[in-house]
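Below is one structure, written out as structure tokens; comments come after it.
The values are calculated or read from the model by the stated rules, or taken from the named source; none is laboratory data. These figures come from a predicted structure and were not determined experimentally. Backbone-built Cβ (ideal geometry, glycine too); neighbour counts: all protein chains shown. Keep in mind that these areas ignore ligands, DNA and RNA; they rest on the heavy atoms of the full protein, side chains included. Shrake-Rupley method; radii C 1.70, N 1.55, O 1.52, S 1.80 Å.
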Amino acid sequence: MGRIMRRWKWMPSTIKYKLFWALLLFVFLPLFILQIQNYSQIEEMIRDRVNRQTTLQIQQVKENFDLIHDTMLRTALELENDPAVYNKLSQASDGNEYGQELENLLIRVNARTVPSSAYLYYNLLDMHGKVYNSYTPTKVIQANSIMEDQAFALLKETNVPIIWLEEEMGDIGVPGAGERRLVLMTVFKKGEGPPFGYLRISFDYDTWLRSMVRNFPVLQDYFFFDETGHMLTRTRGTTGLDQAIIDELKKYSKGSHDYYDSRNATLFNSQYFSDTNWILVSQFPLESYIGDINGMKRQYFISFALLVVLFVLVTFAILSGLTRPLKLIQRKMYAIVGNNFYGRLNEGNLDGEVLALAQSFNHMIDDIHELLNKLRIEEKQKEAMHFQMLLSQMNPHFLLNTLNMVKWQAMCSGDQDIAEVCLKLGKLLETSLNMEVDLIFLKDELELADAYVYIMQKRWQYPFSVHYEVENELLFSLVPKLSLQLLIENSIHHGFSKIDYHGQINISIVSMNSVLRMIVEDNGVGLEHAGKNKSLRKRKGIGLMNLKERLRLLFKMDAKFTLEPRLQGTRACIEIPLLISNPYKEGENDDVESGSY
């Protein structure tokens, strides 16, 4: 999180603001988004559940409506083809002798359509102006009222056998009837003969719809629209739908469709009635199911905003209390640093992490004072050592001068061996005293090794010989000084001390893959026998330890020293990086002044 916040350059760098923004961005903002998502999921879940139930209910309405519509048509055809109806209507006269029989027949026919029979009203008109009803009207229905009906006029005008018409309920003498009805008007004929009667079936779909939806599990408002979008009826109230909603539903005039008005949190479902080209629409405000959703959202936003404001105030108060001691400590730290680390932080009024920080700072001040004291002591010791080194340089020069004097006296006396030994020893001594040089040419190292071998051959009681194998191109490679001398000394003192045969030392210098390898092999007693005679060693292996430390200081991990036993004797190997320095020769164009560009 800290890495993310560091990338945002605009964010303040103080702890107070970092903690504030961290809590706001990584706690409150995700919580706010999660709540909005939960509200949306709950609303969508409820909408889907209501939509499924509403779709099932509106399909039940359509199935029942289709059944009534088919019943009206089937009953009209049945009555037209019923011989009893034909005979009674054909034989009827002004005396109305068959009136009661025809009305009983209509009542029986209508009774077969239970439960829809409560919303169907049959009016049968003979050619003598008599009207027969399937119900008991509240008043006498005259034939003129039927003949003046819009459906009857349309039937006569179009000369078709059946007319379907939606209209106001009209005066048919039915108590408590609805406002709208669906009328089926048909003329009874026998073949090509003249009409022998008229039948009007009125379907009080207004009352039927209200009764149908009254017992549904999900109570909602239903609307009937015709193909033009004109509202025919609704189950509750008198207010219609917005024109925008109607236009949206008219886009899907066939089949079923659902539409959600998010602005008003209202779910609409529509079902197309193919027999009448009507559309049944259900309206369900989700607020009636789960309350005022938009109000809940507004209340949540207001509560969240108040919570954020409270959080800001409390957070700044808490963070100010936390960071105030840190700022005081910071100022005191600057003052102590400016005073050369003299002084300490007061720990009396602090606690918790701030106290631990102050204690750590005081410990650091103590450690700094201790280190400064150690540095002063080390500086004094270095000065003393430097003074001692200046004094000690006098004694080695005295030894060199003494050796030179012995050498010249031996030469004057004709003792060439003593003179040569003094010469070789002086070269070794002079090289060892040169403290400023750690790496020398291989050819110089070989000369020092040869000088040491000459001296040891003179003083060693057992004979031994040394054989060299060196590549000429490696003579000017840089090697640690007196490294070969140390390995030769180790072979002589520890390998040849207990042998009764001629000792042999083989020195080979080779290079491979930019690595210089110096190998010293002897045919002495070997590592195992030399380890059993540690008491005979004078320096207890300090020389090899010194060589390993020098290699580590000069070449780090690029140097390697190994000591391995052989069938007879020991093999020592030094591996260092190959560093070749070509010396300047007079007359060559290798210097800066004579170089070409």
If a residue has to be surrounded by fewer than 19 Cβ atoms within 10 Å (Cβ to Cβ) and not in a strand (DSSP E or B) to count, how many in the stretch 256-271 make the cut?
3
Suppose we keep only residues that are outside any helix (DSSP H, G or I), over 30 Å from residue 497 (Cα atoms) and open to solvent by 60 Å² or more (accessible area, probe 1.4 Å) within the stretch 551-580. Which one would you say is modelled with the lowest pLDDT?
580
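Residues checked against (1) loosely packed, with under 12 Cβ neighbours inside 10 Å; (2) touching a Ser or Thr at 6+ places or on another chain (Cβ under 6 Å); (3) in a helix (DSSP H, G or I); (4) free of Cβ contacts under 8 Å to residues at least 60 places away in the same chain:
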residue: 319; (1), (2), (3), (4): no, no, yes, no
residue: 323; (1), (2), (3), (4): no, no, yes, no
residue: 328; (1), (2), (3), (4): no, no, yes, yes
residue: 332; (1), (2), (3), (4): no, no, yes, yes
residue: 342; (1), (2), (3), (4): yes, no, no, yes
residue: 348; (1), (2), (3), (4): yes, no, no, yes
residue: 355; (1), (2), (3), (4): no, no, yes, yes
Tabulated pairs, the stretch 360-371, first closer than 14 Å to residue 339 by Cα, second open to solvent by 60 Å² or more (accessible area, probe 1.4 Å) and among the basic types (Lys, Arg), C-beta under 7 angstrom, 6+ apart or interchain
365/344
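Looking at the stretch 24-50, which of the residues that are open to solvent by 50 Å² or more (accessible area, probe 1.4 Å) and among the aromatic types (Phe, Trp, Tyr) is farthest from residue 307 (Cα to Cα)?
39
Quickly run through the stretch 457-484 and pick out the residues that are open to solvent by 30 Å² or more (accessible area, probe 1.4 Å) and closer than 17 Å to residue 439 by Cα. Before the answer, list the steps.
Filtering the stretch 457-484 down to residues open to solvent by 30 Å² or more (accessible area, probe 1.4 Å) leaves 457-463, 465-473, 475-476, 478, 482.
Result: 475, 476, 478, 482.
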Residue pairs, Cβ under 6 Å, 6 or more apart or interchain, first in the stretch 35-61 and under 17 Å from residue 260 (Cα atoms) and in contact (Cβ under 8 Å) with a residue 12 or more places away in the chain, second open to solvent by 30 Å² or more (accessible area, probe 1.4 Å) and among the charged types (D, E, K, R). List them.
51/258
Look at residue 500 and say whether it is open to solvent by 40 Å² or more (accessible area, probe 1.4 Å), closer than 24 Å to residue 546 by Cβ and at pLDDT below 90.
no
Just one of the numbered conditions (1) modelled with pLDDT of 80 or more; (2) in contact with a strand residue (DSSP E or B) (Cβ under 9 Å, 6 or more places away or on another chain) is not true of residue 177; which one?
(1)
Restricting attention to the stretch 304-312, does a residue exist that is at pLDDT 75 or above and more than 32 Å from the chain's Cα centre (by Cα)?
no
Mind checking which residues of the stretch 100-128 are open to solvent by 30 Å² or more (accessible area, probe 1.4 Å), assigned to a loop (DSSP other than H, G, I, E, B) and farther than 25 Å from residue 212 by Cβ?
127, 128
Members of the stretch 174-215 found to be open to solvent by 20 Å² or more (accessible area, probe 1.4 Å) and under 16 Å from residue 115 (Cβ atoms), listed by number:
207, 210, 211, 212, 214, 215
Listed by first then second residue, the pairs whose first member lies in the stretch 482-502 and is in contact (Cβ under 8 Å) with a residue 40 or more places away in the chain, whose partner is in a helix (DSSP H, G or I) and among the β-branched types (Val, Ile, Thr), with beta carbons under 7 Å and at least 6 positions apart or on separate chains, are 482/431
What is the number of the single condition among (1) over 17 Å from residue 282 (Cβ atoms); (2) at pLDDT below 85 that residue 257 does not meet?
(1)
